Amino acid sequence: MGVFDYFKRDTVTVSKVIELLGKGHSLFSLGKDIYSIPEIRTAVNFIAEKVATIPFYHIRADTSGKSSVINDRYQFVLNIRTNPMQSPFVFFTQLITRLLVANNCFAMPEWGDNGDLKWIYLLPFTCFQFDNGVDGKEYITFTGNGGTYTFPYEDILHFQRFPTERGGIKTQATGNYVKVVDAMQNQAVKDMENSGRLSAVLTTKVKLNSEHEKAKLKEFIETFKASENSTGLGMISGEYGITPLNIQSNALDTKLLNEITRSLYNYFGVSTEIINGNATEIQYEQFVDNTLKPIVKQIEQEFSYKLFSNTEIYHYNRIQAELVDLEVSNLSSKTMFFDKMLYHGV
C-alpha cells in the first residue's frame with residue numbers, strides 16, 4: 001500500500017493495534033511444547049537473530065536497471081525504529097521466531113495522515129481463516145481471546161512456513177521427537193532426584209504391622225546413633241538385620257538424545273556444527289542458501305507487495321535485503337570478494 005491507495009482504506013490507529021496486541025494468543029502458550037526445549041529454542045533463536053542482522057532497504061531502480069537506496073520513512077522503519085516498542089533487530093527476531101515456532105506470522109503496517117508508512121507492528125495471532133468477500137476481495141479473520149477480527153488480506157503482512165493455498169500449515173511435524181526428548185529429560189531428572197535416597201532395608205525377626213514398624217525403626221535409629229561409632233563401627237542388636245541396597249538408575253542414552261537433537265536442528269534448518277561454530281565452508285554456504293535466503297526472499301516479496309501500491313511497484317520500488325555480509329562470511333568467499341575488489345581498484 002502507498003499514498004495512492006491510502007485514502008481508499010480505513011485508517012489503522014495506534015490504539016487499534018495496541019488493542020489487538022492484547023487479544024491474540026501468546027507464542028509461548030501455543031508453541032510451548034517445542035519452544036520450551038532448550039535445543040529447539042537454541043536453533044530457533046540462532047536463525048532468528050541471523051536474519052535480524054540483515055539490513056533491508058527501500059530500493060528504486062531506473063529504466064536502465066540502476067538501483068539506488070531511497071532515504072525515506074520506509075528506510076527509517078526498516079533500519080532505525082520499526083515501531084515505538086521495537087527496534088528492527090527485535091522486530092525481525094520476534095517475526096522469525098513466530099514464523100519458525102507457529103509456522104505463520106502476521107504484521108500490520110500503520111500509515112500516517114499523509115499516506116506515509118508510520119510503523120509496523122507484529123500481531124499475536126496464529127489462528128486464522130480466509131474468506132472471499134462480496135466485493136471479490138480476500139479477507140483474513142483472526143481468532144483471539146477477545147473474539148474474531150477481520151481484515152482485508154492485502155492489508156496484512158503474512159509470512160508462512162510450509163506454505164499452502166490457504167496459508168501456512170498450522171501444526172509442526174516434531175511431535176514424536178518432542179515426546180521422546182521430554183520423556184528422556186524427565187526420566188533423567190527423576191533418577192537424579194531419587195538416587196541415593198534408599199541405601200538399605202532394616203529387617204526384624206518378629207513380624208510387625210505398619211505402626212510397629214515405624215516405632216521399631218525410630219528405636220533402632222536412636223539406639224544406633226547413641227552407640228560408640230567414632231572408629232567407624234556401630235553395633236546393633238541381633239534382632240535386627242540390614243540388607244544393603246544398590247539401586248542404580250538407568251543411564252541417559254546420550255547417543256539417542258544427540259541424534260534426536262540433530263534431527264530437530266535439521267527440521268528448523270540448522271545443524272550442530274553451524275551453532276557451535278565449527279561448520280565447514282560448504283555447510284555454512286548450504287545454511288545460507290537453504291535456510292536464510294528463502295526466509296529473506298519471502299520478507300522482500302511480502303514487504304514489496306503489501307507496502308507499495310501497484311503504481312509504485314511499476315516504478316521499480318522494492319524492499320531489498322543486503323546479503324553481502326552473509327555471502328562473504330566464509331574464507332573462500334572472502335578471498336574471492338577481496339580479490340575482485342582489489343582487481344577493480346576498490
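Taken together, the values in this text are just the output of simple stated rules run on the coordinates, not laboratory data. Because the structure is predicted, anything quoted here is derived from the model rather than measured. Quick reminder, even Gly has a Cβ in these numbers, built from the backbone with ideal geometry, and neighbours come from all protein chains shown.
What pairs in Lys50/Lys118; Lys50/Lys297; Lys50/Lys293; Lys50/Lys306 have C-alpha atoms more than 20 Å from each other? Each step should come with its number before you reach the end.
Values: Lys50/Lys118 26 Å; Lys50/Lys297 14 Å; Lys50/Lys293 11 Å; Lys50/Lys306 24 Å.
Pairs exceeding 20 Å: Lys50/Lys118; Lys50/Lys306.
Sorting check: for 108-114, 62-68, 210-216, 95-101, which peptide has the highest mean count of neighbouring beta carbons within 10 Å, and how do the rest follow? Mind dumping the intermediate values first?
Details: 108-114: 15.6, 62-68: 9.1, 210-216: 11.3, 95-101: 24.4.
Output ranking for 108-114, 62-68, 210-216, 95-101: 95-101, 108-114, 210-216, 62-68.
Cα atoms only: what Rg and Dmax, in Å, come out for segment 276-321?
Looking at segment 276-321, its Cα Rg and Dmax stand at 15.3, 47 Å.
Any chance you could check the Cα centroid distance between segment 52-81 and segment 107-155 for me, in angstrom?
24 Å
So if R0 is 30 Å, what FRET efficiency would Asn258 and Glu327 give, r being the distance between their Cβ atoms, rounded to the nearest 0.05?
Rounded to the nearest 0.05, the efficiency is 0.45.
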